[in-house]
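Computed from the coordinates by the stated procedures, all read-outs in this text should not be read as laboratory data. Please read these numbers as outputs of a predicted model, since none were measured by experiment. Don't worry about glycine lacking a Cβ; one is built from the backbone with ideal geometry, like all the others, and counts go over all protein chains shown.
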């Protein structure tokens, strides 16, 4: 895991604090964990996107793009987008370069998610949402998976236009995962921008 600092939840040790304080300290770690694909491509640490910044981008895309998809449950899309990287609090951002089998990656993330929500009152509801995202079978989960890849491509485009490297591989990777025609239009628009 590449991060700016250790997980703040470690500062709590055995302190008697509310579940809200405990949850926030864990969630705050996502603001410190870098998306590993960027430093692996030479993006300097001070410019590198964190998991929380990525999640924010996915949630913003979900908020604005679900308007064009009335068949989707908008609240569910937003919840899935908000929770989709919670497992990275403890597991970190595992990239394909690490060659960790998918089932192991998913198990690490789920174990982390369960630990974070250990004392949360209605945790079963959130576990069900996290599992729904990981399975990727519902229309909402499929949509969020595509938004996650779209955000990655868009962020790569930002870095490329800022002169931080040629990151077309992220656009190509997203092109393989994004199937929804309206979302593919966004990728095509980005591709045209980068080709100038």
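Summary table below
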{"item": "Residue of 16, 111, 131 that the Gaussian network model of the chain assigns the largest fluctuation, springs spanning Cα pairs under 10 Å", "result": "16"}
{"item": "Label-point gap, in nm, between residue 131 and residue 102 - each point 7 angstrom along Cα→Cβ", "result": "1.9 nm"}
{"item": "Gain in span if fully extended, residue 16 to residue 120, counting 0.36 nm per residue against the direct Cα distance", "result": "36.0 nm"}
{"item": "Over segment 120-163, equivalent-ellipsoid semi-axes from the Cα gyration tensor in Å", "result": "30, 13, 5"}
{"item": "Choice from 47, 99, 22 showing the highest fluctuation, given a GNM over the chain with Cα pairs closer than 10 Å", "result": "99"}
{"item": "Dimensionless Rg ratio for the chain, taking C-alpha atoms and the 2.2 N^0.38 Å reference", "result": "1.04"}
{"item": "Equivalent ellipsoid semi-axes, segment 1-111, via Cα gyration tensor eigenvalues times 5, rooted, Å", "result": "24, 20, 15"}
{"item": "Residue-averaged [θ]222 nm for the chain, counting only DSSP H segments that reach four residues, each worth -39500 (n - 2.57)", "result": "-19000 deg cm²/dmol"}
{"item": "Residue-span extension gain [residue 27 to residue 71] - 0.36 nm each, minus C-alpha spacing", "result": "12.8 nm"}
